[in-house]
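Derivation of every value follows stated rules applied to the coordinates shown; laboratory data play no part. On a predicted model such as this, the values are computed, not experimentally measured, just so you know. Here the Cβ positions follow ideal geometry from the backbone for every residue, glycine too, while neighbour counts run over all protein chains shown.
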């Protein structure tokens, strides 16, 4: 036995496999799990009594948009405080590399913070190099996004790519894989993914398959034409021969009542014929996107200057309003009472208010209010966010009944101080794991605690190809969370979403304690997990 520096005594170990928990001590040596068993006589530097707590593998967030926020603040406070030890960034087709020029980082980065300095990457490998030079609070695996490689090849052109350009995109994906990308992602509901067809995406997915990396997709549609969206994703993966992850699968407002059940039937049928497909959900009924995503693609051509001109033009505004299929059908149906402002730099006093109420305050039609708020943000219009109650909890519970359903945040790693103090990625960004554990596991009893932990540990680890994380086993990386399953609870609200959850006592990342008795330590021991993952 090697030298143990920390022993978790009287641990109720949930090993991440979904098996029933068992009582034991767990010893950590450097960055690995050294021993599991009776360690009352073993020498160590510190002992932590975990009586009454659950000891589990650190949670793995399979789907985030922390690509840039973790560059701004590597502490990843909002994630570490709720037991997250690994993130997979670069989802929904959005990554921050590769780029044509280094000065395009501001345009490509979701959550970009103006005034950020020292940004000098262009290739995907250079981006990972940048992360490796930082002190990271979590491990980071990064996907390369279709939207980013599309714009690197085609800029803001609205036409579809020709075969030569698709080949150039495939080459960029190949280079990113060679440089360490953990997977490939698409976002087919927003521009530029919305103008790509399966014949444009499949060659890029084939590159992911050749490197045995995961393909994750935000499908083209999850409301009226949900079956076309999910069918396209599975057909593309079948043609490319790749493993498929359907991101945040729950259908949205506007889908027929049977959409979720039918979608799961489609998945089961594809699995029967050999397709490796799984999916994930956000563990609450709120949806969140940048406001810009509901604009028709013709509005976006020409960049911010042209967008501003069109939003100021009353005739162009009316033309936008005529769009029958925006990304949210809530907008097409003018259900403004269900849409809430989530983030605005210029109108922070309005955050948490519905567009129906803000429209009344200002005496304007809520649709015109959308355009007004975008214009008021100026160069920051791409960061304007809103949220809505678009999902059905019954659909979420139906998904949770499937063993291949993982739990994700679909948010960003943030901190309630410094340059990220006023930022949000979603309402549950500071408490998605606690929301899942307290509501779906403890209150609703949809899953056992052991199975619920599996959905955030070994399941996402297996999808990513992580062989040394996601389980509590001797010799694996010591990514560990200790929490009180009876008292874990979210504290965020629509009005005050930046609030850490309760019930998390200790967090270890690669053997280093980052949370002690619920308090953040200065330790940052996260690693960049370059593909092929291990």
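Structure notes:
- Normalised contact order of the chain, rounded percent, pairs of Cα under 8 Å and 6 or more residues apart: 22
- Counting only Cα atoms, segment 296-386 measures 32, 27, 22 Å along its principal axes, largest extent leading.
- Order by protection proxy (mean Cβ within 10 Å, highest first), peptides 165-177, 11-23: 165-177, 11-23
- Estimated 222 nm signal from helices in the chain, with DSSP H stretches of n ≥ 4 weighted -39500 (n - 2.57), rounded to 500: -8000 deg cm²/dmol
- Working ranking of peptides 358-364, 332-338 by packing, defined as the average number of other Cβ atoms within 10 Å per residue, highest first, is 332-338, 358-364.
- 0 to 90° range, to nearest 10: angle between helix 163-178 axis and the chain longest Cα axis: 20
- Between 0 and 90°, nearest 10: helix 198-210 axis offset from the chain longest Cα axis: 20
- Pair-distance distribution P(r) for the chain, from all Cα-Cα distances in 10 Å bins starting at 0: 4, 19, 30, 28, 14, 4, 1, 0 percent.
- Nearest-ten-degree value, helix 226-240 long axis tilted from longest Cα axis of the chain: 70
- Summary of packing: across the peptides 86-92, 73-79, 128-134, the per-residue average of other C-beta atoms within 10 Å ranks them, highest first, as 86-92, 73-79, 128-134.
- Ordered by the number of other Cβ atoms lying within 10 Å of each residue's own Cβ, fewest first, 61, 368, 103 fall into the sequence 103, 368, 61.
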